[in-house]
Amino acid sequence: MASFIRVSKYKHVFCDPPKPADTFQSLRLSTVTGDQNYIKANGLYFAVGVQGGGGPFAVLPLDKPGRFDMGFPVIAGHSAACLDFDFNPFNDNLVASGSEDQTVKVWDIPAGGLTENLTTPVADLHGHGKKVTFLRFHPTANNVLASASADMTVKLWDIEKASMMADLAGVHSDLIQDIVWDYTGNNYATSSKDKKVRICDARSGGVANTIEMAHEGSKCVKLTYLGSLDKLVSVGFSKQSSRQFKIWDPRDLSKEVKKVDIDQASGAIMPFFDPDTLLLYLCGKGDGNIRYYEMTGETPYCHDINSFRSSVSSKGMAMIPKRNLDVMKCETPRLLKLTTNSVEPLSFFVPRKSEAFQDDIFPDTFSGVPAHSADEWMDGSDLPPVLKSLNPSGASSSTGSAPSSPPKPVVRTKSASTLQAELSAKESELEIANSRIKALEEKLQSMGIFM
């Protein structure tokens, strides 16, 4: 009987471990623990919590590896330990931080990086009743930030106005373990210690759907959306404490569409999805292994590609935006691995003999340009991420828009709350007009002019 071998462009993806000179060493990292990844990155910097007073965290340039001595400049404006941070995807110099002091602060990094300690934020957001554990910027709307807290609430902020946009409260019955946005940012998903995964409508602040028992194990559940495939991946533990991941269709959460058992290790797994190559990277906390799978939109939904193994365990992991990689060397992607005192950049490559731009493995990618403003998004604007070509020659590929192309105009839809407010205003105007007409009629009648 004939057998069929599945063809994949990413079958031979390999990781090139960095040389010691290309790593960031001697970092005195913060000792706080939690379910967060402990490191975040954009195309210019990475951020990690460090030891010291004022809940400090370091924002270090990616192009200056080496050994860091004591006394390098940090951001230190909190009154307690900083637990999570996130970079604005549309402004490489804006970073938000959440702390045990119950506040969210937004910082403007000077061009070229920090040269002295930064202690004054550009925005100071108050509203949570307990420590802030997770921060996630919106993937398409400018200056929209989601924060999750130990008070079991999720709040949406307009950081430009320093005001709250929406509040999800009274929904979670236990601590939130993760929060992720979907591809367009209309919804976000949360995992909780109560073993439920909730799909939430971001604008209204309500729960649209729920997975009652995502994983039977009691340890942390991490999440990621699969980009335009419109699927959700949850990574957790079975009842026997083995690590596993499940693929869910948000339109029917009654049962997973795919379950994959991984191994018996005890550390949580941090998932990262590359929407361009459709590769899912699973990075273990407490071990040095990175597994990668190619995802599809139909059965069997995922294919095991390969794995990278290292004897150096990871404490956290972050992914660099695709537009900041060396595409001419077929680098897809680059992960920053946080260890006990260092950061190692791990570059993954697709082997190709040609020196030309490989448009089949580098389709148009996230451009770093917002699709809409915070107000437009809140009023119902529904736009996908703005894409750009990675071709260094400037030629657009055949699968997407040209570099820095503006979003296509769409018909704006408005939220129910906005429509209700506009209707109330129109009714009030009509009532005033009718009263004025009645008064004029009575005046004309008294003068014998109007019959």
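When the residues of segment 186-204 are filtered to those that are out of contact with any strand residue (DSSP E or B) (no Cβ under 6 Å at 6 or more places or on another chain) and either under 22 Å from ALA141 (Cα atoms) or not basic (Lys, Arg) (or both), the one that is surrounded by the fewest Cβ atoms within 10 Å (Cβ to Cβ) is SER204.
Out of curiosity, is LYS40 modelled with pLDDT under 95 and of a type in the set (Lys, Arg)?
Criteria not met by LYS40.
Which one of LYS219, LYS239, LYS255 is touching a strand residue (DSSP E or B) at 6+ places or on another chain (Cβ under 6 Å), of a type in the set (D, E, K, R) and not in a strand (DSSP E or B)?
The conditions single out LYS219.
Within segment 12-31, the set of residues being without any contact (Cβ under 8 Å) to a residue 60 or more places away in the chain and either assigned to a strand (DSSP E or B) or not hydroxyl-bearing (Ser, Thr, Tyr) (or both) comprises LYS19, PRO20, ALA21. Picking from residues in segment 305-321 that are outside any loop (DSSP other than H, G, I, E, B) and at pLDDT below 95, the one that is surrounded by the most Cβ atoms within 10 Å (Cβ to Cβ) is PHE308.
Applying the condition of being crowded, with 20+ Cβ neighbours inside 10 Å and among the aliphatic types (A, V, I, L, M) to segment 328-345 and asking which residue is nearest to TRP248 (Cα to Cα) yields LEU335. A residue that is aliphatic (A, V, I, L, M), modelled with pLDDT of 65 or more and farther than 22 Å from LYS9 by Cα can be found somewhere in segment 340-352.
The values are calculated or read from the model by the stated rules, or taken from the named source; none is laboratory data. Since this is a predicted model, take the numbers as computed values, not measurements. Positions of Cβ are generated from backbone atoms using ideal geometry, with glycine treated the same way; all protein chains shown enter the neighbour counts.
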